[in-house]
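Contents: one structure, followed by commentary.
The values are calculated or read from the model by the stated rules, or taken from the named source; none is laboratory data. Small disclaimer: the values here were computed from a predicted structure and weren't measured. In this analysis, Cβ positions are derived from the backbone assuming ideal geometry, glycine residues included, and neighbour counts consider all displayed protein chains.
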Amino acid sequence: MTALETDYLVIGSGIAGLNFALLAAAHGKVTVITKKKPTDTNTNWAQGGVAAVLASDDSFETHINDTLIAGDGLCDREVVELCVHDGPNQVQRLLDLGVRLDRDATGNLDLGKEGAHSKHRVVHWEDITGREIQRALLSAVESHPNITILEEHIGVDLLSMAKYGGDPACFGAYVLDRTTGEVKTITARATVLASGGTGKVYIYTSNPDVATGDGIAMAYRLGATCGDLEFTQFHPTVLYHPHAGTFLISEALRGEGGVLRLGNGESFMEKYDPRGSLASRDIVARAIDNELKKSGADSVFLDMTALDPEFTKHRFPNIYEHCMALGIDMTKQGIPVVPAAHYQCGGIKTDVDGATTIKGLYAIGECAMTGLHGANRLASNSLLEGMVFSHRAAAAVREIERHAPSQIQPWSSGNATDSNDAIVVALNWEEVRRFMWSYVGIVRSNKRLERARHRIETIRDEIREYYVDFKITSDLIELRNLALVAHLMIECARRRKESRGIHFSLDYPEKLPEARHTEIQLTDGPRSL
Ligand code: SIN
């Protein structure tokens, strides 16, 4: 059995994990594990950009207010302030790392606008900003002598001193090497979850396949406090096409003047919000959902035809080409779009340095609940958050002491045998994702949530049996995590007796006077397996 020792174990290779790795490598050895290739991340798929106050007509106070308004009373003001104030520094760091960002005719950074931003403030590289950031970070990480990347490695469970009679301090993780099937033990002074979001809990999502909530599930099983998991953000505009797979149509299109229309050409968003197509995501997603339910249509349309076609092709080359390949010329016709699960605003509770409630365990990026997003994330604040908190966490772990028992138990599969029934995993996976969309989607109710709770408990019973009887595989680990995270999302949604931000309940359509986080942990929430 392989046992590895490092200073900092990072789980995940998106913006937060890689930026942490680079900064922490200045004072220790870093091991980054990533469950497929290092570019299989939500970051790599991000189109919009990074929000930061850079324009002369913008101000920190305006960005702070836009974030607080989108968050619908649930943001932590101190966290919002520190992120917004750090924005320009983090954009400079990206430039220093060699990230290319578009510039306007005068040579200044070109600033895009997205829903619920009152100013132009989104730096971007064409419509593939995340891919460009991932490229630059990865190239720096790959050439760093203090950083090792282990591809095709997925975390199974975190290691806890509680198993050895101590407090529950985390000292690393059991990790499955997907290529050999071996479970390795990696011990570390600090373990940093940068494992991204939970989009794959839903059948329709803008996220890549890796977004199965692994970090949140592992942290919860260890006893860390998680929260606000009812706040899944649904992006209003994901391409609707039988052969499209998952493809985001960036909010930046509406920022440049794109208008949402029904099949008959009617612009409908003005009925729902004075900001029209540029209202915040929760409002736009709910409005589209409502219109689709009323009409029975398959999609609405995003109309870019009023814009200069050359501008559209130049500003959104990736989206233009993708649509053209499917026979949709966005300079001449509306793009068919529907809402889909996009971003997890809740996650593992952290302080302003990314520390969770468990000693030695940190969470940064989408898997964390820092307090920045509240009940609804403002567009393009997430890459910013990834940069700000990876920076803070890297500084915080510098002096952290190593916890580890003298003798570490190697991973044991007990009497588990090789599975000959992998179809069970596939069917359970499919079922969770379908009922989560129907019962814990854009519009919720007590009855729908109750049905979802009942279904997830039955499915998790089946998964438990399967997990105990058969040797673990990557698919089984992901299913176990996905089902636990779905359970936590249902439970958080059941506990919120109001409608706020992205969480809308037919039974509690009003907002309560006081905004409160939904916190959940092993002692008062669903069982760990
Ligand atoms: C988009 O380009 O619409 C996504 C940006 C984001 O989710 O922040």
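To keep it simple, each residue is scored yes or no on (1) at pLDDT below 95; (2) surrounded by 19 or more Cβ atoms within 10 Å (Cβ to Cβ); (3) closer than 28 Å to T356 by Cα.
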residue	(1), (2), (3)
A173	no, yes, yes
K184	no, yes, yes
G197	no, yes, yes
Y202	no, yes, yes
G215	no, yes, yes
Y220	no, yes, yes
G227	no, yes, yes
T246	yes, no, no
G263	no, no, no
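When the test is whether a residue is within 30 Å of T187 (Cβ to Cβ), within 25 Å of the chain's Cα centre (by Cα), in contact (Cβ under 8 Å) with a residue 24 or more places away in the chain and within 16 Å of the ligand (Cβ to nearest atom), G14 passes it. Do we find that S299 is in contact with a helix residue (DSSP H, G or I) (Cβ under 8 Å, 6 or more places away or on another chain), more than 17 Å from G255 (Cβ to Cβ) and either more than 16 Å from the ligand (Cβ to nearest atom) or at pLDDT below 95 (or both) in this structure? Yes. Being among the polar types (S, T, N, Q) and more than 17 Å from T129 (Cβ to Cβ) is a condition met by no residue of segment 36-55. When you check L150 against the structure, is it in contact with a Cys (Cβ under 6 Å, 6 or more places away or on another chain) and more than 16 Å from the ligand (Cβ to nearest atom), yes or no? Spelling it out, it is not the case that L150 is in contact with a Cys (Cβ under 6 Å, 6 or more places away or on another chain) and more than 16 Å from the ligand (Cβ to nearest atom).
Taken over segment 18-44, residues that are within 16 Å of the ligand (Cβ to nearest atom) and crowded, with 24+ Cβ neighbours inside 10 Å amount to 3.
The residues in segment 467-500 that are part of a loop (DSSP other than H, G, I, E, B) and modelled with pLDDT of 95 or more can be counted, and the count is 4.
Filtered by the rule that a residue be among the charged types (D, E, K, R) and surrounded by 16 or more Cβ atoms within 10 Å (Cβ to Cβ), segment 496-519 gives R496, E498, R500, E519. Regarding segment 93-111, can at least one residue be identified that is buried (at least 24 other Cβ atoms within 10 Å of the Cβ), touching a Lys or Arg at 6+ places or on another chain (Cβ under 8 Å), at pLDDT 95 or above and not polar (S, T, N, Q)? The answer is no; no qualifying residue exists. Taking every residue in segment 241-253 that is in contact (Cβ under 8 Å) with a residue 24 or more places away in the chain and pairing it with any residue that is near the ligand (Cβ under 8 Å from one of its atoms) and β-branched (V, I, T), at least 6 positions away or on another chain, the pairs with Cβ-Cβ distances below 6 Å are I249/T237. Of all residue pairs spaced 6 or more apart or on separate chains, those with beta-carbon atoms under 7 Å, a first member in segment 44-64 that is within 13 Å of V91 (Cβ to Cβ) and a second member that is away from the ligand (no atom under 16 Å from the Cβ) and of a type in the set (A, V, I, L, M) are L54/L109; H63/V53. Consider segment 438-495 and keep the residues that are closer than 26 Å to P236 by Cα and among the hydroxyl-bearing types (S, T, Y). The one that is farthest from the chain's Cα centre (by Cα) is S445.
Pairs linking a residue in segment 82-97 that is basic (K, R) to a residue that is at pLDDT 95 or above, with Cβ atoms under 9 Å and 6 or more positions apart or on different chains, are R93/N19; R93/V99; R93/M387; R93/H391. Filtering segment 108-135 to residues that are more than 11 Å from the ligand (Cβ to nearest atom) and part of a strand (DSSP E or B) leaves L109, L111, V123. Taken together, the residues in segment 416-454 that are closer than 30 Å to A3 by Cα and either touching an Asp or Glu at 6+ places or on another chain (Cβ under 6 Å) or in contact (Cβ under 8 Å) with a residue 40 or more places away in the chain (or both) amount to 6. In segment 226-253, the qualifying residues are those that are in a loop (DSSP other than H, G, I, E, B) and closer than 22 Å to L278 by Cα, and the one that is farthest from the ligand (Cβ to nearest atom) is Y240.
Only one of the numbered conditions (1) within 23 Å of the chain's Cα centre (by Cα); (2) assigned to a loop (DSSP other than H, G, I, E, B) is not met by H144, and that is (1). For T246, are the conditions met, namely being over 24 Å from the mean Cα position of the chain (by Cα) and of a type in the set (V, I, T)? Against the criterion (over 24 Å from the mean Cα position of the chain (by Cα) and of a type in the set (V, I, T)), T246 does not qualify. Residues that are more than 22 Å from M1 (Cβ to Cβ), of a type in the set (D, E) and touching a helix residue (DSSP H, G or I) at 6+ places or on another chain (Cβ under 7 Å) within segment 133-181 comprise just one, D167. In the set (1) part of a loop (DSSP other than H, G, I, E, B); (2) more than 16 Å from the ligand (Cβ to nearest atom); (3) not small (G, A, S), the condition left unmet by N207 is number (2). Kindly indicate whether any position in segment 359-369 is at positive phi, within 16 Å of the ligand (Cβ to nearest atom) and of a type outside the set (K, R). The answer is yes; a qualifying residue exists.
Candidates R448, R433, R444: the one that is farther than 30 Å from Q92 by Cα, crowded, with 23+ Cβ neighbours inside 10 Å and in contact with a helix residue (DSSP H, G or I) (Cβ under 7 Å, 6 or more places away or on another chain) is R444.
Among the residues of segment 45-73, those identified as assigned to a loop (DSSP other than H, G, I, E, B) and either within 16 Å of the ligand (Cβ to nearest atom) or surrounded by 23 or more Cβ atoms within 10 Å (Cβ to Cβ) (or both) are A46, Q47, G48, G49, A52, G71. Going residue by residue through segment 391-404, is there one that turns out to be buried (at least 24 other Cβ atoms within 10 Å of the Cβ), touching a residue at least 40 places away in the same chain (Cβ under 8 Å), under 19 Å from the mean Cα position of the chain (by Cα) and within 12 Å of the ligand (Cβ to nearest atom)? No, because not a single residue in segment 391-404 is buried (at least 24 other Cβ atoms within 10 Å of the Cβ), touching a residue at least 40 places away in the same chain (Cβ under 8 Å), under 19 Å from the mean Cα position of the chain (by Cα) and within 12 Å of the ligand (Cβ to nearest atom).
Among the conditions (1) touching a Ser or Thr at 6+ places or on another chain (Cβ under 8 Å); (2) among the polar types (S, T, N, Q); (3) in a helix (DSSP H, G or I), the only one that S419 does not satisfy is (3). Checked against (1) touching a strand residue (DSSP E or B) at 6+ places or on another chain (Cβ under 8 Å); (2) over 22 Å from A375 (Cβ atoms), L74 passes all but condition (2).
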